[in-house]
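Here is the structure we will look at.
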Amino acid sequence: MFKMNYTKTLMTAAACSAVLAMPTMAADDKVYRLKLAETWPSNFPIFGDAPKNMANLAEKMSNGRLKITIDSKNKHKAPLGVFDMVRSGQYDMGHSASYYWKGKVPNTLYFTTMPFGMTAPEQYGWFYHGGGQELMDEVYGKYNLMSFPGGNTGNQMGGWFQKEINTLDDLKGLKMRIPGFAGEVLAKLGAKPTNIPAGELYTALERRTIDALEWVGPSLDLRMGFHKIAPYYYTGWHEPATELQFLINKKKYDKLPADLQQILKTAMRTAAYDMYIQSYHASGENWASMKTEFPNIQVKSFPANVINAMRTANDELLAEKAAADPLAKKILDSQSAYMSKSRAWTDISDKAYLNSLSK
């Protein structure tokens, strides 16, 4: 008897709540439209899927009240100009990678990935629970922007090379497409790093405008055809957890109703993690096919002396950044402390597990 009365009470309360909510919902049935600029070409797999998935989720969760249209680089013609287009209000949102504008705002590069840094699970822990998002807010807030994790590739491969790397001398004068902090590391060792948009990579490598390039990994590299013109494929060191970013013009965001703000954040977070899973799956699938379909690809790891020199150069550059900029030091100290703590767990969990299987 008590259970029946209790159930009726709950049903009545729910019905009353629904009725009371109806005027509010009806009063705010306005459709809000946002425009997003992405760095990627039209229908670019995995990277381009993340903003599409986010937009679809936001529209469905908002019952059609939040609609986001996406312009690829084919339309806006400025693949590396997303920061400025969103900041100025030309676009309301963007999807790109923050290290693409390190020359404009150096402290943004730390939020994509760092050489010898955190893995994807470690980095997500830092963003969502270790203060990373708050530090990103501090950096981007000065520019009327908000930035959120936008999808992770996981550990990236070290790149495609037309010649084998055996010593540090092989890096001297090497023209390589490699963005972010890793480019600064290689420059310190005598290489000549450059940044080239995705659509121009194959041609640059084929015409020997560059000697080597890194892109992502088997999830995307094979379809780009790099293996046809560069036989050496090196394992990674420079981007252990490459996180893309969703950018939002803060003035535009502030004009959204509170429920749509939360829906947008939820859609971005879901799409970001889904991209990580999609990328991981595609890399596994393509790695298996690469070994059978393209047996002439020579998978290499950089020699220990080269890796050690890269690490030393990386540490020296980080120390310089921290000494020159208090905010850079704050970010780097936060990342270092979080990685030290989380890596101890990574070592005793995932690493110990994999090591035990290899014995």
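Each other residue within a Cβ distance under 15 Å of Asp333 adds +1 if Lys or Arg and -1 if Asp or Glu, for a net charge of -1. Springs join every pair of Cα atoms under 10 Å in this Gaussian network model of the chain, and among Ser219, Ser72, Ser62 the largest mean-square fluctuation is at Ser62.
Mind checking the dipole of the chain: about its Cα centre, +1 per Lys or Arg Cβ, -1 per Asp or Glu Cβ, Debye to the nearest 20?
On the way: 42 positive and 35 negative charges, 140 e Å.
It comes to approximately 680 debye.
Cross-link check: pairs Lys77/Lys291; Lys188/Lys330; Lys35/Lys192; Lys104/Lys252; Lys250/Lys329 evaluated at a Cα-Cα cut-off of 29 Å; pairs beyond the cut-off: Lys77/Lys291; Lys35/Lys192.
Between the listed residues Leu222, Ser340, Ile248, the Cα displaced farthest toward the positive end of the dipole of region 212-359, a dipole computed from Cβ unit charges relative to the Cα centre, is found at Ile248.
When volume of the Cα convex hull per residue in Å³ is computed from the coordinates, the matching label among [x] 144; [y] 126; [z] 187 is [z]. Packing here is the average count of other Cβ atoms within 10 Å per residue, and on that basis the peptides 103-109, 179-185, highest first, run 179-185, 103-109. Scoring 126-133, 162-169 by mean Cβ neighbours within 10 Å over their residues and listing the highest first yields 126-133, 162-169. Round to the nearest 10 and give me the degree value, 0 to 90, for the angle of helix 120-129's Cα axis relative to the longest principal axis of the chain. That works out to roughly 40 degrees. For Lys255, go through the aspartates and glutamates and keep the ones whose alpha-carbon is under 14 Å away, minus same-chain ones fewer than eight residues off. Counting by Cα, and skipping residues close in sequence, Lys255 has these aspartates and glutamates nearby: Asp28, Asp92.
So what's the net charge close to Gly81: Lys and Arg +1, Asp and Glu -1, counting the other residues with Cβ under 11 Å from its Cβ? It would help to have the intermediate numbers written out before the result.
Details: positive: Lys73, Lys77, Arg87, Lys104; negative: Asp84.
Within the 11 Å Cβ shell, the charges total +3.
For region 153-185 and region 215-248, what is the centre-to-centre distance using only Cα atoms, to the nearest Å? If you average the Cα positions of each part, the centres end up 12 Å apart. With R₀ set to 25 Å, the beta-carbon distance separating Thr203 from Asn43 gives a calculated FRET efficiency near 0.80. Axis of helix 304-324 versus longest Cα principal axis of the chain: the two differ by about 50°, to the nearest ten degrees. Simple rule: put +1 on each Lys or Arg Cβ and -1 on each Asp or Glu Cβ in the chain, find the dipole, and look at Ala319, Leu145, Ile46; the Cα lying farthest toward the positive end is Leu145. For the chain, the longest principal axis of the alpha carbon atoms and the long axis of helix 326-346 meet at an angle near 90°.
Compare the peptides 242-254, 223-235 by average per-residue count of other Cβ atoms within 10 angstrom and give them in order, highest first.
Peptide ranking by packing, descending: 242-254, 223-235.
None of the figures in this text is laboratory data; all of them are computed from the coordinates on show. Bear in mind that the values here come from a model prediction, so they are computed numbers and not experimental data. Here Cβ is always computed from backbone atoms with ideal geometry, including for glycine, and neighbour counts include all displayed protein chains.
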